Every structure is written in structure tokens, then in C-alpha cells.
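Inspection log for the structure reproduced underneath, given as C-alpha cells.
The values are calculated or read from the model by the stated rules, or taken from the named source; none is laboratory data. Predicted model, so just to flag it, every value in this text is computed and none were measured. Cβ sites come from the backbone with ideal geometry, for glycine too, and all protein chains shown count toward neighbours.
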Amino acid sequence: MEPTTFVLFGATGDLAKRKIYPALFNLFLDEKLPSSFSLIGLGRREWTDASFRANVEQSIREFSRRQGKDPSFVKQFVETFKYSVLDIGRQEDYVKLKHLIEQREEELHLPPNRLFYLSVGPEHFQPIAANIQESGLGSANGWKRLVIEKPFGHDLQSARVLNEKLSQAFTENEIFRIDHYLGKPMVQKLEALQQNNPVIQGLWNNRHIANVQITANETVGVEERAGYYDHVGALRDMFQNHMLQLLMMTAIQLPRESGFDEVQVKKKRIMEALEPLLKQDVAASVIRGQYAAGSVKGEPVRGYVDEPGVAAGTMNDTFIAAKLQIDDYFWRGVPFYIRTGKRMKEKSTRIVIEFKEQFTTSLTEKKDHAEANLLVIEMSPNESITLQLNAKDGSGTGAVKPVHIDIHPAGEQLPEAYENLIRDALAGDSTFFAHWDEVELAWAWAQPILEAFEENLVPLHLYEAGTYGPSESDELLAQDGFHWWFDA
Ligand code: BG6
């Protein structure tokens, strides 16, 4: 990996504290950081290098997945970190920053490779990118990269405007859009699972697959984020990005040894083949829900409308279930059911591939309740890949029972999403980042839903907190003869 200066905007913020420093520290322990690495933290607070380092150390102690390590590692990790006060709108501060970066590059003998990580609100993306360009921070004789995190716009139009502005300062190849779901180890294993297993690859199409179910259920409610969440809802917060990315990563068909450009092209093709919804038809395939009071894990919880900071009379969605169809050679006729919700019964992020019953042998006819063959990819709370097959049990009655083959034995210490993503951004590998074409197509696909919600063309179903969402979500599958797997 090439020597790099990591310039972190929002260095005093919550994301940096909870995710970025612990991820960098774990990469450091695993010797996955560039051998020459300089980090410059930026924020409005009047911190010194020493107070910055102390804060980083504290966040590692609190949030790193590796606890109890020799404290000297942490000291060694932060010893070269620098901090500079920066007001996002002030040109002089960028000039000061430029001097600091150059000075550090000289001291540490680094080439001018600079990664600008914007751990700040989306309203700051454009001004920062423009100031980086105007101050000449990105025009040195090395590479530059911009790392940003969703939301990338609020709808199709605003996403296009934002992208247009960013592209005045950075080319598409230089922009790394984080969707942390793409950093999840299980998501990163999906393509390899297919590519390295002809058995699975051979089954990955509409001849063998009856339906695909993608679930991201959470037990938490809106937490302290009503100011943000009440304007975005589940559709913008989870569906347009994380859920559609999971759909792309599941449906993708990749030859072995595919590079990131191939992944990008194939993902774009899936989005292009996604059957568009007309605004007036949204209600037939999208279920909108909002949690009412109930109890989660035995604790009573209030309804969404009573959460602090939520607007009176809000129609915001905290749950979405939808049926999507990919109109291409591989997937035509296979429904993809996707759902995500807050205040659900349990935290679970999983993909279930339900295989078709190919034939009725005497075995299955005799025991007509033989379960479907399933491939289950669990991402949270545990990570595993399980194949559910049917086998005759030993009772002598000829009964057939589901058996499970655990392809990925538990116990392995998996890296966190941010570790994978930061490592890739440092290496310049954009395979697991959201590319503009996908983002734009995802907004274009979601736009009629946004409008249908806005115009109240889709009923808002209340669901009791601590359940699996409104019953209409079950009906969505039942009308096709399916049901959500593993709702207990
Ligand atoms: C974030 C959303 O992107 O993802 C949050 O803004 C949500 O609302 C979170 O809670 C879920 O992430 P994970 O990794 O816990 O499934």
C-alpha cells in the first residue's frame, strides 16, 4: 500500500470516535496500514495535538473490538497524529492545512498521496470538496481521494446536483462512497461463495430459485436522531442504499477473478433491469409501516409519534417491505422481497434464497411437508452461511427432516465493516463502494415511491413495536404463495 496522508474532517465527531479510529487501530495491529502513514485530524474545537491523541486513545479503549491490548500499541499508533482547527467555510484554514500536510510529508518522507475523509454532515460535502480544490490541496504530484458516507442526496434531483458539484473537484475514480453494508464481511463473501462453488453458481438463476428474501430488522427505535430520521424514514435511511446494495450483491453474476470495474458494470446492469414502479402502482408492491407502542425484548417502548423530536402528525415510515423484480435473463420471474424496520422483534440482517421444488419424488410426495431448500446468509447478529437440505431421519418411518450444513463455521474474529472499507479506500480498490451510476439508478428507482408516500397514495400501517411489522408485509408474500422465513 502506498504511503498516505489521511486527512480527517470531523475528527472530533461521533462517527470518528466510534468507528474510524477503532477501525484504523485494528488495521494498524494487523499491519494493514501503509508503512508510512500520517493522520491529520480537523475540527472546529480548539484541540491540541496532545488532546487529540488523548481523545483518539480514549475512543480506542472504548470502542475497539480488541480490548486489553498492550497500551503501548495505542501510544505508538497515535504518536504521529496531528490536529488542526478548521472552519469548513474558511479558505485561510485550508491554506494552513496545506502547509501542515506538506510539512508532515517532508518530515515523514511521504509522497503527496492524500485521502480526504469527510466524516461530516452531507451539507458540508460540497463546500469542503470545493475548498480542497481551490486551495490546491489536491493538485500535488500524487493521488487524491475523497471518502464520503451516505446520504448522497435526498432524492434523485438533489443527488444529481451534489454529484455534479463533487465532480468539479474529484473524478468518479477518486470518489469512494461508503455504504457500510458493503463492508460487512458476509456481503464481501457473497461473490466468492458463488465464484468458487460451481454448485451454487449453477443454481443462481430463475430455473432454480423460487424467491429471494432480504431482511434488515432492528430492535432500536429512532434513538436520538429524530431530527434526521423524521425527514428521511426507512426508505431513504436504509432502503434506497443498504437494501438495494444487498439486492445488487445477491443478484450479481460474476465470472472468476472479476475486477472492480466488472463489479461496477454488473451492478449497474442489475439496477437498469430492475422493473420500475409507476407512482400509482407503488401501493401494490410496497408496504409502508410505522411503529406503535409495544414491547421490545420485554421492555415497554413508546410509539414513533411519541418519540422526542418527531413532528406532530408525522407520516414517516419506520418500516418498508417491497417486492422487486429484475427483468433479465437470470432473474426474470423471481420475486425479491425486501424489508427493513425499526423496533422489530429482533435484530437480524439476513438473505434467504429459497430454491424451487424441482420435482416431486416419492420421497417428497410421501412427506408433502418436506421443507424448501434454503441458502441462508446471516449477517447480524451472527455471521454464518447455512444450506438447508432435507434428509431422511433415522426413525425408520421414512420421515424427511431439514438438515443444516454450516458453510461458515462461527468463531472466526471478523473485521468490522469500516476496517474493510478504510483498507480498500487506502488501497484504491473501489469494489465495495457505491458508484455513482448505482446511486443514481437507485434514486431513480425509489423516486416514484418517495412521491407516492409524499402524496399519501400508500397507506401507512401501524405495527406494534416488538413484532415483525404490519401483517400486510406477510400478505405481500402470501399472495405469491410464500412466507417470510424465520419469523418466529
Ligand atoms: C445506518 C442507518 O446507515 O444503518 C441507521 O442510518 C441504522 O438508522 C444502521 O440503524 C443499521 O446498521 P447495522 O450495521 O447495525 O445494520
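A few comments on the model shown:
- Taking the listed residues Arg256, Arg225, the one that is within 19 Å of Lys347 (Cβ to Cβ), at pLDDT below 95 and not small (Gly, Ala, Ser) is Arg225, with no other qualifying.
- Condition met for Asn173 (more than 30 Å from Val305 (Cα to Cα) and either in contact (Cβ under 8 Å) with a residue 24 or more places away in the chain or not aromatic (Phe, Trp, Tyr) (or both)): yes
- Identity of the residue in the range 224-251, more than 8 Å from the ligand (Cβ to nearest atom) and acidic (Asp, Glu), that ends up surrounded by the most Cβ atoms within 10 Å (Cβ to Cβ): Asp230
- Index of the failed condition, Glu262 passing every other in (1) of a type in the set (Asp, Glu); (2) within 16 Å of the ligand (Cβ to nearest atom); (3) surrounded by fewer than 17 Cβ atoms within 10 Å (Cβ to Cβ): (2)
- Taking the numbered list (1) away from the ligand (no atom under 12 Å from the Cβ); (2) surrounded by fewer than 16 Cβ atoms within 10 Å (Cβ to Cβ); (3) at pLDDT below 95; (4) more than 26 Å from Ala452 (Cα to Cα) in turn, Arg207 passes all entries but (3).
- Listed by first and then second residue, the pairs with beta-carbon distance under 9 Å, at least 6 apart or on different chains, first residue in the range 194-213 and of a type in the set (Gly, Ala, Ser), second in a strand (DSSP E or B), are Ala210/Pro335; Ala210/Ile353; Ala210/Glu354; Ala210/Phe355.
- Here is the figure for the range 141-158: residues that are of a type outside the set (S, T, N, Q), away from the ligand (no atom under 16 Å from the Cβ) and outside any strand (DSSP E or B) total 4.
- Complete set of residues in the range 160-189 that are more than 16 Å from the ligand (Cβ to nearest atom), closer than 16 Å to Glu438 by Cβ and in contact with a helix residue (DSSP H, G or I) (Cβ under 9 Å, 6 or more places away or on another chain): Arg160, Leu162, Asn163, Leu166, Ser167, Glu172, Ile175, Phe176
- Unique residue being acidic (Asp, Glu) and not in a loop (DSSP other than H, G, I, E, B) when the list is Glu31, Glu46, Glu2, Glu57: Glu57
- Of all residues in the range 297-337, those satisfying the criterion of being of a type in the set (A, V, I, L, M, F, W, C) and either within 14 Å of the ligand (Cβ to nearest atom) or part of a loop (DSSP other than H, G, I, E, B) (or both) are Val310, Ala311, Ala312, Met315, Phe319, Ile320, Phe330, Trp331, Val334.
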